[in-house]
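Everything on this sheet refers to the single structure shown next.
The values are calculated or read from the model by the stated rules, or taken from the named source; none is laboratory data. Since this is a predicted model, take the numbers as computed values, not measurements. Positions of Cβ are backbone-derived with ideal geometry, glycine not excepted, and every protein chain shown enters the neighbour counts. Accessible surface is based on the protein model in full, side chains and every heavy atom, while ligands, DNA and RNA are left aside. Shrake-Rupley method; radii C 1.70, N 1.55, O 1.52, S 1.80 Å.
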Amino acid sequence: MTVVHPVPSRWMRHSRQERVLIILIPTRSFRQVQISDTLYALDRQIIAALQVNARASFPAIASALREQERTVARRAQRLLDTGAVRLTAFVDELKTGLGQPVSLRISVRPGSTDAVADALSARPDTRAVMAVTGDADICCELVAADKPTLHRVLNTDLPAITGLRHTRTYAVLHHVKPTSAWQLPVLTSAQTRLLRRPRARSQDGGRLQLSSDDLELLEALRGNARCSYVDLAGQLGVTATTVRRRLDRMLTSGAVSLRASVEPELLGLRIEADVWLRVRPDSIAKTAAQLARRSEVTYCGVVTGSYGLELILALPDLDQLHSFIADVIAAQPAVLDSEPTLVTRTYKRGYLRTS
């Protein structure tokens with residue numbers, strides 16, 4: 001699998017006086033990319049468009065945004081070339097039967113966070129790994145193929161990691177708002193409709209049975225969701241028509257999506273928080289639905305254990321995090337308690353490791 005590393009936030013500097021964003025690319029020769037305020041707004045729209053549909057053509061994006069096709073193509077390609085934006089595949093395991101996702105809250109020995117997080121990130125079954133504040137040192141999302149595998153991971157694999165002291169495991173029961181459903185709120189509803197692929201109306205909640213051929217195709221798309229049908233056909237040893245048919249079937253189900261992945265900090269969302277909510281059981285669905293509609297919520301899931309919901313938030317600053325907790329969460333009558341934790345570093349996101 002090809003892994004593209006995004007531009008680390010520590011290499012991004014923004015000067016309000018100069019009104020310039022400078023990204024230093026960690027390649028053999030450093031490149032400076034200057035973006036005016038107006039064009040940076042266009043970059044954000046292009047990113048949002050690729051979040052809606054990673055395979056949308058540049059003419060389609062330009063038409064939806066009412067911009068020149070050449071300008072959109074040039075700026076989109078630069079975002080991809082620098083690694084600021086990655087185009088990848090997302091699969092809902094609960095709708096495809098591929099495994100059981102769990103959220104792990106992990107405590108480590110002092111000074112061991114980086115080493116433990118790196119060991120977790122190296123595992124192919126971890127989707128996300130983040131260092132956090134609070135009682136736990138690391139939050140990790142892991143997908144186990146089945147219950148015996150989950151038992152082995154929790155009782156044999158993880159305890160063998162040097163520096164890991166304790167884990168608390170919360171099985172994910174439902175992705176109310178999966179990461180793949182979040183998009184930067186800079187497009188109108190009309191623009192989003194123009195870009196979004198049609199989905200089939202399913203009688204079984206969007207469940208989809210994936211074959212080994214489907215999984216092989218998804219693995220290829222995870223590295224580059226815009227890979228052409230011809231190139232995919234060459235990798236898989238089938239015809240381009242076969243690739244198109246398989247991909248259309250998966251995408252129209254709604255259980256699989258192809259979208260842009262970008263570090264929130266590059267979008268001005270410098271604060272990420274992992275928030276755990278205790279909610280009355282009879283109001284979990286209603287509370288989750290209301291919170292999931294918020295643009296600050298990049299993920300919302302129903303989990304087992306003493307908590308009912310897990311949220312991931314992305315916000316510009318700590319003041320807005322405080323407002324979200326004090327105003328938005330506090331306004332939910334069924335929320336009995338909340339435990340916000342601040343994400344201090346992201347090691348892995350969407351199965352792709354970050355720098």
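Can you tell me which residue is most open to solvent (accessible area, probe 1.4 Å) among those in the range 276-290 that are out of contact with any helix residue (DSSP H, G or I) (no Cβ under 9 Å at 6 or more places or on another chain) and outside any helix (DSSP H, G or I)?
278
Just the residues that are assigned to a strand (DSSP E or B) and charged (D, E, K, R), please, taken from the range 303-355.
310, 337, 339, 345, 348, 349, 353
Can you report the number of residues in the range 227-266 which are assigned to a helix (DSSP H, G or I), touching a strand residue (DSSP E or B) at 6+ places or on another chain (Cβ under 8 Å) and open to solvent by less than 50 Å² (accessible area, probe 1.4 Å)?
Residues in the range 227-266 being assigned to a helix (DSSP H, G or I), touching a strand residue (DSSP E or B) at 6+ places or on another chain (Cβ under 8 Å) and open to solvent by less than 50 Å² (accessible area, probe 1.4 Å): 4 in total.
Can you find a residue in the range 342-354 that is under 21 Å from residue 142 (Cβ atoms), crowded, with 21+ Cβ neighbours inside 10 Å and basic (Lys, Arg)?
yes
Is it the case that the range 119-137 has a residue that's outside any loop (DSSP other than H, G, I, E, B), of a type in the set (Gly, Ala, Ser), open to solvent by 60 Å² or more (accessible area, probe 1.4 Å) and at pLDDT 95 or above?
no
Just name the residue that is farthest from residue 171 (Cα to Cα) out of those in the range 83-101 that are touching a helix residue (DSSP H, G or I) at 6+ places or on another chain (Cβ under 9 Å) and part of a loop (DSSP other than H, G, I, E, B).
Per the criteria, the residue is 84.
Cβ-Cβ under 7 Å, sequence separation 6+ or interchain: first residue in the range 237-248 and free of Cβ contacts under 8 Å to residues at least 40 places away in the same chain and at negative phi, partner open to solvent by less than 40 Å² (accessible area, probe 1.4 Å) and not hydrophobic (A, V, I, L, M, F, W, C). Which pairs?
246/214
Restricting the range 291-300 to residues that are in contact (Cβ under 8 Å) with a residue 40 or more places away in the chain and either touching a Pro at 6+ places or on another chain (Cβ under 8 Å) or exposed (fewer than 14 other Cβ atoms within 10 Å of the Cβ) (or both), which is farthest from residue 176 (Cα to Cα)?
That would be 295.
What number of residues within the range 210-257 satisfy the criterion of being of a type in the set (S, T, N, Q) and within 18 Å of residue 93 (Cβ to Cβ)?
Residues meeting the conditions: 4.
Each row is one residue, and each column tells you yes or no for (1) in a helix (DSSP H, G or I); (2) touching a helix residue (DSSP H, G or I) at 6+ places or on another chain (Cβ under 8 Å).
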position: 51; (1), (2): yes, no
position: 62; (1), (2): yes, yes
position: 74; (1), (2): yes, no
position: 77; (1), (2): yes, no
position: 81; (1), (2): yes, no
position: 103; (1), (2): no, no
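Residues are listed down the side, and each one gets a yes or a no for (1) under 20 Å from residue 132 (Cβ atoms); (2) modelled with pLDDT under 95:
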| residue | (1), (2) |
| --- | --- |
| 268 | no, yes |
| 274 | yes, no |
| 285 | no, no |
| 293 | no, no |
| 312 | yes, no |
| 317 | yes, no |
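Name the residues in the range 216-226 that are in a loop (DSSP other than H, G, I, E, B) and buried (at least 19 other Cβ atoms within 10 Å of the Cβ), would you?
Here is the first cut: in the range 216-226, the ones in a loop (DSSP other than H, G, I, E, B) are 224-226.
Scanning the range 216-226 gives 224, 225.
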